[in-house]
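Enquirer: Following this message is one structure expressed as C-alpha coordinates.
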Amino acid sequence: MVLRQATLTGVASLACAALVLSAVAPAAASISAAPVKVGDVQKAMEYLVKTGHVVGAIGEVYVDGKRVGKGSSGSRLLDGKGGAIPSNARYRIGSQTKSMTAAVVLQLVKEGKLSLNDKLSTVLPEVAKKDLVERADEITVLNLIEMTSGIPEYMGPDTMDPTRNYRPTDLLAASRKNPRPGEIGTFNHSNTDYILLGMIIEKLSGRSLAAELNRSLFVPLGMRDTYLPTKATEGIKGPHGHGYAPDETGTLRDADKINATTMLGAGGVVSTAHDVSAFKRALRQGRLLPESLNRLLTDPPPGMPPQQPSGGPCAGNPEFAPGGGGSAPGFFASTYTSSDGRLQFAVSMTLAMDNDERMTADQRITNALKSVFCPAT
(Lines give C-alpha, C1' and ligand atoms only; values in the text may rest on other atoms or scores of the structure.)
Protein backbone atom coordinates (compact mmCIF):
# COMPACT_ATOMS: atom_id res chain seq x y z
CA MET A 1 0.00 0.00 0.00
CA VAL A 2 1.63 3.25 -1.17
CA LEU A 3 0.53 6.46 0.47
CA ARG A 4 1.81 10.00 0.09
CA GLN A 5 2.99 11.47 3.40
CA ALA A 6 0.43 13.12 5.68
CA THR A 7 0.46 14.38 9.24
CA LEU A 8 -0.69 11.82 11.79
CA THR A 9 -0.78 13.84 15.00
CA GLY A 10 -3.28 16.63 15.46
CA VAL A 11 -6.04 17.47 13.02
CA ALA A 12 -4.95 18.43 9.55
CA SER A 13 -8.38 19.60 8.42
CA LEU A 14 -12.04 19.58 9.32
CA ALA A 15 -14.34 19.78 6.32
CA CYS A 16 -16.46 22.93 6.21
CA ALA A 17 -19.32 21.26 4.34
CA ALA A 18 -21.19 20.49 7.51
CA LEU A 19 -22.00 24.15 8.10
CA VAL A 20 -24.35 24.17 5.12
CA LEU A 21 -27.25 21.75 5.26
CA SER A 22 -29.36 23.18 2.45
CA ALA A 23 -30.17 26.27 0.48
CA VAL A 24 -33.85 25.44 0.86
CA ALA A 25 -35.99 26.90 3.65
CA PRO A 26 -36.95 24.49 6.47
CA ALA A 27 -39.88 22.22 5.79
CA ALA A 28 -43.32 23.10 7.00
CA ALA A 29 -44.78 21.33 10.01
CA SER A 30 -46.89 19.04 7.85
CA ILE A 31 -44.49 16.49 6.32
CA SER A 32 -45.50 14.40 3.33
CA ALA A 33 -45.81 10.71 4.11
CA ALA A 34 -44.95 9.61 0.57
CA PRO A 35 -43.00 6.32 0.58
CA VAL A 36 -39.23 6.47 0.07
CA LYS A 37 -37.53 3.76 -1.96
CA VAL A 38 -34.31 2.56 -0.32
CA GLY A 39 -31.79 0.30 -2.05
CA ASP A 40 -29.20 -2.08 -0.61
CA VAL A 41 -27.22 -0.21 2.07
CA GLN A 42 -24.99 -3.23 2.73
CA LYS A 43 -23.85 -3.30 -0.89
CA ALA A 44 -23.18 0.42 -0.74
CA MET A 45 -20.86 -0.08 2.24
CA GLU A 46 -19.10 -2.95 0.45
CA TYR A 47 -18.59 -0.63 -2.52
CA LEU A 48 -16.94 1.97 -0.29
CA VAL A 49 -14.41 -0.54 1.06
CA LYS A 50 -13.66 -1.79 -2.47
CA THR A 51 -12.75 1.73 -3.61
CA GLY A 52 -9.45 1.29 -1.77
CA HIS A 53 -7.65 2.46 1.37
CA VAL A 54 -10.91 2.21 3.35
CA VAL A 55 -10.50 0.11 6.51
CA GLY A 56 -14.18 0.01 7.40
CA ALA A 57 -17.47 1.60 6.37
CA ILE A 58 -20.78 1.71 8.22
CA GLY A 59 -24.02 3.35 7.23
CA GLU A 60 -27.67 3.59 8.18
CA VAL A 61 -30.76 5.06 6.52
CA TYR A 62 -33.61 6.69 8.47
CA VAL A 63 -37.03 7.66 7.15
CA ASP A 64 -39.30 9.62 9.50
CA GLY A 65 -37.04 8.66 12.39
CA LYS A 66 -37.14 4.91 11.72
CA ARG A 67 -34.14 2.91 10.55
CA VAL A 68 -34.98 1.29 7.22
CA GLY A 69 -31.54 0.14 6.11
CA LYS A 70 -28.08 -0.56 7.46
CA GLY A 71 -24.72 -1.89 6.36
CA SER A 72 -21.19 -2.65 7.54
CA SER A 73 -18.13 -3.67 5.57
CA GLY A 74 -14.42 -3.97 6.23
CA SER A 75 -13.05 -4.33 9.73
CA ARG A 76 -12.43 -2.46 13.00
CA LEU A 77 -8.66 -2.57 12.55
CA LEU A 78 -6.25 -2.53 9.62
CA ASP A 79 -5.65 -5.64 7.48
CA GLY A 80 -8.99 -7.25 8.30
CA LYS A 81 -8.36 -7.48 12.04
CA GLY A 82 -10.71 -6.81 14.94
CA GLY A 83 -13.93 -8.08 13.40
CA ALA A 84 -16.74 -6.10 11.82
CA ILE A 85 -17.88 -2.65 12.98
CA PRO A 86 -21.52 -2.60 14.15
CA SER A 87 -23.56 -0.21 12.00
CA ASN A 88 -24.70 1.54 15.18
CA ALA A 89 -21.15 2.08 16.47
CA ARG A 90 -19.92 5.49 17.56
CA TYR A 91 -17.65 7.53 15.28
CA ARG A 92 -16.20 11.02 15.01
CA ILE A 93 -18.44 13.32 12.96
CA GLY A 94 -15.83 16.03 12.31
CA SER A 95 -17.15 19.35 11.06
CA GLN A 96 -20.74 18.19 11.40
CA THR A 97 -20.09 19.41 14.96
CA LYS A 98 -20.16 23.01 13.68
CA SER A 99 -23.89 23.02 13.00
CA MET A 100 -24.47 21.73 16.55
CA THR A 101 -22.28 24.46 18.05
CA ALA A 102 -24.02 27.09 15.93
CA ALA A 103 -27.45 25.77 16.90
CA VAL A 104 -26.66 26.24 20.61
CA VAL A 105 -25.36 29.76 19.97
CA LEU A 106 -28.55 30.61 18.09
CA GLN A 107 -30.61 29.23 20.96
CA LEU A 108 -28.84 31.80 23.16
CA VAL A 109 -29.83 34.45 20.62
CA LYS A 110 -33.43 33.22 20.74
CA GLU A 111 -33.37 33.48 24.55
CA GLY A 112 -32.13 37.09 24.36
CA LYS A 113 -28.78 36.32 25.98
CA LEU A 114 -26.85 37.24 22.86
CA SER A 115 -27.27 39.27 19.67
CA LEU A 116 -26.00 38.38 16.22
CA ASN A 117 -24.60 41.90 16.01
CA ASP A 118 -22.70 41.70 19.29
CA LYS A 119 -19.01 42.40 18.81
CA LEU A 120 -16.51 39.73 19.81
CA SER A 121 -14.65 42.23 22.00
CA THR A 122 -17.88 42.81 23.95
CA VAL A 123 -18.86 39.17 24.40
CA LEU A 124 -15.31 37.92 25.05
CA PRO A 125 -13.34 41.01 26.13
CA GLU A 126 -10.41 38.86 27.21
CA VAL A 127 -9.55 37.93 23.61
CA ALA A 128 -9.15 41.61 22.77
CA LYS A 129 -7.25 42.50 25.95
CA LYS A 130 -4.79 39.66 25.39
CA ASP A 131 -4.55 40.38 21.64
CA LEU A 132 -5.66 36.85 20.80
CA VAL A 133 -7.92 38.01 17.95
CA GLU A 134 -7.10 40.90 15.66
CA ARG A 135 -9.92 43.40 15.05
CA ALA A 136 -12.09 41.79 17.72
CA ASP A 137 -13.98 45.07 18.07
CA GLU A 138 -15.20 44.76 14.44
CA ILE A 139 -16.07 41.04 14.29
CA THR A 140 -19.65 40.06 15.13
CA VAL A 141 -21.21 36.82 16.36
CA LEU A 142 -22.81 36.50 12.91
CA ASN A 143 -19.36 36.72 11.28
CA LEU A 144 -18.23 33.77 13.39
CA ILE A 145 -21.27 31.65 12.51
CA GLU A 146 -20.95 32.40 8.79
CA MET A 147 -17.13 32.13 8.84
CA THR A 148 -16.74 35.65 7.48
CA SER A 149 -14.59 36.94 10.34
CA GLY A 150 -11.25 36.84 8.54
CA ILE A 151 -9.71 35.12 11.58
CA PRO A 152 -6.86 32.77 10.60
CA GLU A 153 -6.84 29.02 11.10
CA TYR A 154 -5.16 27.72 14.27
CA MET A 155 -4.13 24.28 13.05
CA GLY A 156 -0.41 23.93 12.51
CA PRO A 157 2.90 23.23 14.26
CA ASP A 158 1.83 24.88 17.53
CA THR A 159 -1.19 22.56 17.94
CA MET A 160 0.29 19.22 16.90
CA ASP A 161 1.25 17.70 20.26
CA PRO A 162 -0.97 14.57 20.56
CA THR A 163 -0.78 14.45 24.37
CA ARG A 164 -1.07 18.12 25.37
CA ASN A 165 -4.39 19.36 26.73
CA TYR A 166 -4.78 22.57 24.76
CA ARG A 167 -6.98 25.35 26.11
CA PRO A 168 -9.10 27.37 23.68
CA THR A 169 -6.83 30.35 24.35
CA ASP A 170 -3.84 28.24 23.26
CA LEU A 171 -5.56 27.64 19.93
CA LEU A 172 -6.30 31.36 19.57
CA ALA A 173 -2.66 32.18 20.30
CA ALA A 174 -1.61 29.77 17.55
CA SER A 175 -4.08 31.38 15.16
CA ARG A 176 -2.76 34.86 15.97
CA LYS A 177 0.63 33.94 14.51
CA ASN A 178 -0.89 33.37 11.06
CA PRO A 179 -1.73 36.08 8.50
CA ARG A 180 -5.36 37.06 8.00
CA PRO A 181 -6.77 35.17 4.98
CA GLY A 182 -9.27 37.88 4.04
CA GLU A 183 -11.33 40.85 5.06
CA ILE A 184 -14.21 40.79 7.52
CA GLY A 185 -17.37 39.92 5.58
CA THR A 186 -15.59 37.61 3.13
CA PHE A 187 -16.14 33.87 3.51
CA ASN A 188 -13.10 31.89 4.55
CA HIS A 189 -13.24 28.52 6.26
CA SER A 190 -11.60 28.76 9.69
CA ASN A 191 -12.07 26.35 12.57
CA THR A 192 -11.00 29.19 14.88
CA ASP A 193 -14.42 30.81 14.47
CA TYR A 194 -16.03 27.80 16.08
CA ILE A 195 -13.52 27.63 18.91
CA LEU A 196 -14.64 31.18 19.73
CA LEU A 197 -18.32 30.22 19.50
CA GLY A 198 -17.65 27.41 21.97
CA MET A 199 -16.06 29.94 24.33
CA ILE A 200 -19.13 32.17 24.01
CA ILE A 201 -21.41 29.23 24.87
CA GLU A 202 -19.36 28.45 27.98
CA LYS A 203 -19.34 32.04 29.16
CA LEU A 204 -23.06 32.71 28.69
CA SER A 205 -24.33 29.31 29.85
CA GLY A 206 -21.98 28.92 32.81
CA ARG A 207 -21.33 25.33 31.71
CA SER A 208 -18.63 23.55 29.77
CA LEU A 209 -19.24 23.24 26.04
CA ALA A 210 -19.64 19.48 26.45
CA ALA A 211 -22.26 19.92 29.18
CA GLU A 212 -24.21 22.57 27.28
CA LEU A 213 -24.30 20.56 24.06
CA ASN A 214 -25.62 17.68 26.11
CA ARG A 215 -28.25 19.82 27.88
CA SER A 216 -29.44 21.77 24.85
CA LEU A 217 -29.28 19.14 22.11
CA PHE A 218 -28.25 15.62 22.99
CA VAL A 219 -30.70 14.96 25.83
CA PRO A 220 -33.76 16.67 24.29
CA LEU A 221 -33.24 14.88 20.96
CA GLY A 222 -32.59 11.45 22.50
CA MET A 223 -28.98 11.39 21.29
CA ARG A 224 -27.92 9.00 24.05
CA ASP A 225 -24.68 7.84 22.43
CA THR A 226 -23.37 11.30 21.52
CA TYR A 227 -20.81 13.31 23.48
CA LEU A 228 -17.95 15.78 23.13
CA PRO A 229 -14.56 14.38 24.23
CA THR A 230 -12.53 16.91 26.22
CA LYS A 231 -9.14 15.26 26.90
CA ALA A 232 -6.12 14.99 24.63
CA THR A 233 -5.83 11.21 24.55
CA GLU A 234 -9.50 10.37 25.00
CA GLY A 235 -10.58 7.69 22.52
CA ILE A 236 -14.04 6.73 21.32
CA LYS A 237 -16.14 4.83 23.84
CA GLY A 238 -17.31 1.34 22.91
CA PRO A 239 -16.77 -0.74 19.75
CA HIS A 240 -15.74 1.43 16.79
CA GLY A 241 -13.53 1.52 13.74
CA HIS A 242 -9.92 2.71 13.84
CA GLY A 243 -8.53 4.96 11.16
CA TYR A 244 -4.88 5.24 10.11
CA ALA A 245 -2.60 7.90 8.67
CA PRO A 246 1.06 7.87 7.60
CA ASP A 247 3.62 9.49 9.89
CA GLU A 248 6.63 11.51 8.74
CA THR A 249 8.30 8.33 7.43
CA GLY A 250 5.21 7.19 5.51
CA THR A 251 4.46 4.41 7.99
CA LEU A 252 0.77 3.93 8.77
CA ARG A 253 -0.07 4.68 12.39
CA ASP A 254 -3.31 4.25 14.31
CA ALA A 255 -4.98 7.70 14.36
CA ASP A 256 -7.83 6.63 16.65
CA LYS A 257 -6.97 8.90 19.57
CA ILE A 258 -6.98 12.26 17.84
CA ASN A 259 -6.29 15.09 20.27
CA ALA A 260 -9.83 16.13 21.23
CA THR A 261 -8.67 19.43 22.70
CA THR A 262 -7.73 20.68 19.22
CA MET A 263 -11.23 20.01 17.86
CA LEU A 264 -13.85 21.06 20.44
CA GLY A 265 -16.80 22.97 18.93
CA ALA A 266 -15.19 22.96 15.49
CA GLY A 267 -15.18 19.21 14.99
CA GLY A 268 -14.93 17.15 18.16
CA VAL A 269 -18.31 15.45 18.62
CA VAL A 270 -18.55 11.66 18.68
CA SER A 271 -21.94 10.29 17.62
CA THR A 272 -23.77 7.47 15.84
CA ALA A 273 -25.79 7.21 12.63
CA HIS A 274 -28.99 7.23 14.69
CA ASP A 275 -28.06 10.26 16.76
CA VAL A 276 -26.62 12.49 14.06
CA SER A 277 -29.67 11.70 11.93
CA ALA A 278 -31.92 12.79 14.81
CA PHE A 279 -30.12 16.14 14.98
CA LYS A 280 -30.24 16.73 11.23
CA ARG A 281 -33.92 15.80 11.13
CA ALA A 282 -34.82 18.20 13.96
CA LEU A 283 -32.84 21.02 12.38
CA ARG A 284 -34.29 20.52 8.90
CA GLN A 285 -37.82 20.38 10.27
CA GLY A 286 -37.41 23.60 12.24
CA ARG A 287 -37.79 22.07 15.69
CA LEU A 288 -34.72 23.71 17.24
CA LEU A 289 -34.94 27.35 16.20
CA PRO A 290 -37.31 29.93 14.76
CA GLU A 291 -37.15 30.06 10.97
CA SER A 292 -35.25 33.37 10.83
CA LEU A 293 -32.42 31.88 12.88
CA ASN A 294 -32.68 28.41 11.38
CA ARG A 295 -31.94 29.83 7.93
CA LEU A 296 -28.48 30.84 9.12
CA LEU A 297 -27.72 27.11 9.27
CA THR A 298 -29.70 25.98 6.23
CA ASP A 299 -28.67 28.72 3.79
CA PRO A 300 -25.06 28.87 2.54
CA PRO A 301 -22.89 31.62 4.05
CA PRO A 302 -22.39 34.65 1.77
CA GLY A 303 -19.60 33.97 -0.70
CA MET A 304 -19.39 30.22 -0.12
CA PRO A 305 -19.08 28.36 -3.47
CA PRO A 306 -21.98 26.02 -4.32
CA GLN A 307 -21.28 22.46 -3.22
CA GLN A 308 -23.46 20.43 -5.55
CA PRO A 309 -26.18 20.87 -8.20
CA SER A 310 -29.66 21.88 -7.08
CA GLY A 311 -31.61 18.87 -5.81
CA GLY A 312 -28.55 16.88 -4.85
CA PRO A 313 -27.04 13.70 -6.33
CA CYS A 314 -30.43 12.30 -7.36
CA ALA A 315 -31.37 15.50 -9.22
CA GLY A 316 -34.26 16.10 -6.84
CA ASN A 317 -35.73 12.59 -6.66
CA PRO A 318 -35.37 12.49 -3.71
CA GLU A 319 -34.12 16.01 -3.06
CA PHE A 320 -31.02 15.96 -0.87
CA ALA A 321 -29.66 19.09 0.75
CA PRO A 322 -25.97 19.81 0.14
CA GLY A 323 -23.25 19.49 2.74
CA GLY A 324 -22.98 17.37 5.84
CA GLY A 325 -19.41 16.04 5.87
CA GLY A 326 -16.45 16.16 8.21
CA SER A 327 -12.98 14.65 8.26
CA ALA A 328 -9.54 14.44 9.80
CA PRO A 329 -6.62 12.02 9.35
CA GLY A 330 -8.07 8.53 9.70
CA PHE A 331 -11.76 9.19 9.06
CA PHE A 332 -14.46 10.76 6.96
CA ALA A 333 -18.10 10.97 8.02
CA SER A 334 -21.08 12.38 6.20
CA THR A 335 -24.83 12.70 6.74
CA TYR A 336 -27.01 13.42 3.76
CA THR A 337 -30.48 14.65 4.63
CA SER A 338 -33.50 15.45 2.48
CA SER A 339 -34.64 19.06 2.32
CA ASP A 340 -37.86 18.18 4.21
CA GLY A 341 -35.92 16.36 6.95
CA ARG A 342 -37.68 13.03 6.43
CA LEU A 343 -34.69 11.09 5.08
CA GLN A 344 -31.13 10.70 6.39
CA PHE A 345 -28.21 8.66 5.05
CA ALA A 346 -25.43 8.63 7.67
CA VAL A 347 -22.06 7.11 6.80
CA SER A 348 -18.71 6.74 8.55
CA MET A 349 -15.52 5.58 6.85
CA THR A 350 -12.31 4.76 8.69
CA LEU A 351 -9.40 5.29 6.35
CA ALA A 352 -5.80 4.40 5.57
CA MET A 353 -5.15 7.45 3.39
CA ASP A 354 -3.02 10.55 3.23
CA ASN A 355 -4.57 14.02 3.19
CA ASP A 356 -4.73 14.25 -0.61
CA GLU A 357 -6.54 10.96 -1.10
CA ARG A 358 -8.89 11.77 1.80
CA MET A 359 -10.28 14.55 -0.37
CA THR A 360 -11.84 11.85 -2.58
CA ALA A 361 -13.90 10.40 0.30
CA ASP A 362 -16.84 12.77 -0.15
CA GLN A 363 -17.32 11.76 -3.79
CA ARG A 364 -17.12 8.09 -2.85
CA ILE A 365 -19.95 8.54 -0.34
CA THR A 366 -21.96 10.46 -2.95
CA ASN A 367 -21.58 7.53 -5.33
CA ALA A 368 -22.71 5.15 -2.60
CA LEU A 369 -25.75 7.33 -1.97
CA LYS A 370 -26.67 7.22 -5.65
CA SER A 371 -26.64 3.42 -5.57
CA VAL A 372 -29.11 3.45 -2.67
CA PHE A 373 -31.51 6.22 -3.68
CA CYS A 374 -31.20 7.38 -7.28
CA PRO A 375 -33.57 5.45 -9.54
CA ALA A 376 -31.45 5.96 -12.68
CA THR A 377 -28.24 4.64 -11.08
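The values are calculated or read from the model by the stated rules, or taken from the named source; none is laboratory data. Keep in mind the model is a prediction, meaning the values are calculated, not measured. Virtual Cβ from ideal backbone geometry, glycine too; neighbours counted across all protein chains shown.
Enquirer: Just give me the residues in the stretch 70-85 being in contact with an Asp or Glu (Cβ under 7 Å, 6 or more places away or on another chain) and either among the charged types (D, E, K, R) or assigned to a helix (DSSP H, G or I) (or both), in sequence order.
Expert: Lys70
Enquirer: Which pairs turn up if I take residues in the stretch 201-220 that are at positive phi and look for partners that are surrounded by 15 or more Cβ atoms within 10 Å (Cβ to Cβ) and assigned to a helix (DSSP H, G or I) with beta carbon separation below 9 Å, at least 6 apart in sequence or on another chain?
Expert: Here the result reads Gly206/Glu212, each pair linking the stretch 201-220 to a residue that is surrounded by 15 or more Cβ atoms within 10 Å (Cβ to Cβ) and assigned to a helix (DSSP H, G or I).
Enquirer: Next question, about the same structure. Here is a list of conditions, (1) closer than 29 Å to Ile258 by Cβ; (2) surrounded by 15 or more Cβ atoms within 10 Å (Cβ to Cβ); (3) in contact (Cβ under 8 Å) with a residue 24 or more places away in the chain, and Leu142 meets all of them except one; can you say which number that is?
Expert: Among (1) closer than 29 Å to Ile258 by Cβ; (2) surrounded by 15 or more Cβ atoms within 10 Å (Cβ to Cβ); (3) in contact (Cβ under 8 Å) with a residue 24 or more places away in the chain, Leu142 violates only (1).
Enquirer: Looking only at the stretch 86-133, filter to residues that are among the β-branched types (Val, Ile, Thr) and part of a helix (DSSP H, G or I); which one of those is farthest from the chain's Cα centre (by Cα)?
Expert: Looking at the filtered set, the residue picked out is Thr122.
Enquirer: Moving on. Applying the selection to the stretch 194-243, what residues are aliphatic (A, V, I, L, M) and closer than 13 Å to Val105 by Cβ?
Expert: Residues satisfying the conditions are Ile195, Leu196, Leu197, Met199, Ile200, Ile201, Leu204, Leu209, Leu213, Leu217.
Enquirer: Return yes or no: is Ser216 polar (S, T, N, Q) and closer than 18 Å to Leu288 by Cα?
Expert: Here the answer is yes, as Ser216 does meet what is asked.
Enquirer: Please pick out the residue among Leu289, Leu297 that is more than 27 Å from Pro86 (Cβ to Cβ) and assigned to a loop (DSSP other than H, G, I, E, B).
Expert: Leu289
Enquirer: Does the stretch 361-374 include one or more residues that are modelled with pLDDT of 90 or more, closer than 30 Å to Ser149 by Cβ and touching an Asp or Glu at 6+ places or on another chain (Cβ under 9 Å)?
Expert: The answer is no, given that none of the residues of the stretch 361-374 is modelled with pLDDT of 90 or more, closer than 30 Å to Ser149 by Cβ and touching an Asp or Glu at 6+ places or on another chain (Cβ under 9 Å).
Enquirer: Kindly indicate the residue of the stretch 254-295 that is touching a Ser or Thr at 6+ places or on another chain (Cβ under 6 Å) and more than 22 Å from Asn165 (Cβ to Cβ) and also surrounded by the most Cβ atoms within 10 Å (Cβ to Cβ) among those meeting that condition.
Expert: Top of the filtered list is Val276.
Enquirer: Let me ask you something else. Name the residue, out of Ala128, Ala136, that is over 30 Å from Pro220 (Cβ atoms), buried (at least 21 other Cβ atoms within 10 Å of the Cβ) and without any contact (Cβ under 8 Å) to a residue 24 or more places away in the chain.
Expert: After applying the criteria, what remains is Ala136.
Enquirer: The conditions are (1) of a type in the set (Ser, Thr, Tyr); (2) free of Cβ contacts under 8 Å to residues at least 60 places away in the same chain; (3) surrounded by 22 or more Cβ atoms within 10 Å (Cβ to Cβ), and Thr251 fails exactly one of them. Which is it?
Expert: For Thr251, the exception is condition (3).
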